[in-house]
Structure formats: structure tokens, C-alpha cells
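Engineer: Quick one: structure below, then a few questions.
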Amino acid sequence: MEKIDPVLLEAAIRVFGNESLAMHWLMTPSRALVDKRPVDATTEDALELLARLEHGLGA
């Protein structure tokens, strides 16, 4: 299993409501991250995207 930044995982769980949905999001390529999986992007970029999603700004 891949090592996931615990801050990123916690933020994803907060946004998506549970670990299963958070893990799915982390492992799925995102156009907002130039088709990188959030887990492969920088933590800063992934957290910024989560913040945008959390505040309804879209990706």
C-alpha cells in the first residue's frame, strides 16, 4: 500500500465523509491536477483542491 500523507488523508476524509470515499478520490486521476492522482500530486496541490471542493468552488 502506498504511503499517504496523514494530513492529506484526514482532509480528504473530512471532505468526503469517510475513509473509503476519501481513498477513492486520492487514487483517482483528476483533471484539476493535470490527470495526476491526488496521492501523486504535491500535498499542497491536493490540499488546495480539497479546499476548493469543500467550499464549492469546483475543480
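Engineer: Among Met27, Ile4, Leu47, flag the residue with its Cα farthest along the positive direction of the charge dipole of the chain, charges on Cβ as +1 for Lys/Arg and -1 for Asp/Glu.
Structural biologist: Result: Met27.
Engineer: Over the chain, what is the mean sequence separation of C-alpha contacts under 8 Å (at least six apart), divided by residue count, expressed as relative contact order in percent?
Structural biologist: With pairs under 8 Å counted, the relative contact order is 27 percent.
Engineer: Something else now. Send over the per residue convex hull volume for the stretch 6-54, Cα only, as a whole number of Å³.
Structural biologist: Hull volume normalised by residue count: 59 Å³.
Engineer: On full extension of the chain, what length is gained from Asp45 through Lys3, given 0.36 nm per residue of separation minus the C-alpha to C-alpha distance?
Structural biologist: Additional length available on full extension: 13.4 nm.
Engineer: Here is a follow-up. Using 0.36 nm per residue, how much length does the chain from Arg37 to Arg52 gain when fully extended, once their Cα-Cα distance is taken away?
Structural biologist: This chain segment gains 3.8 nm when fully extended.
Engineer: To the nearest 20 Debye, how big is the dipole of the stretch 1-45 about its Cα centre, given +1 on the beta carbon of each Lys and Arg and -1 on that of each Asp and Glu?
Structural biologist: Its charge dipole is roughly 120 debye.
Rule-based calculations on the coordinates, nothing more; no lab input. Since this is a predicted model, take the numbers as computed values, not measurements. Virtual Cβ from ideal backbone geometry, glycine too; neighbours counted across all protein chains shown.
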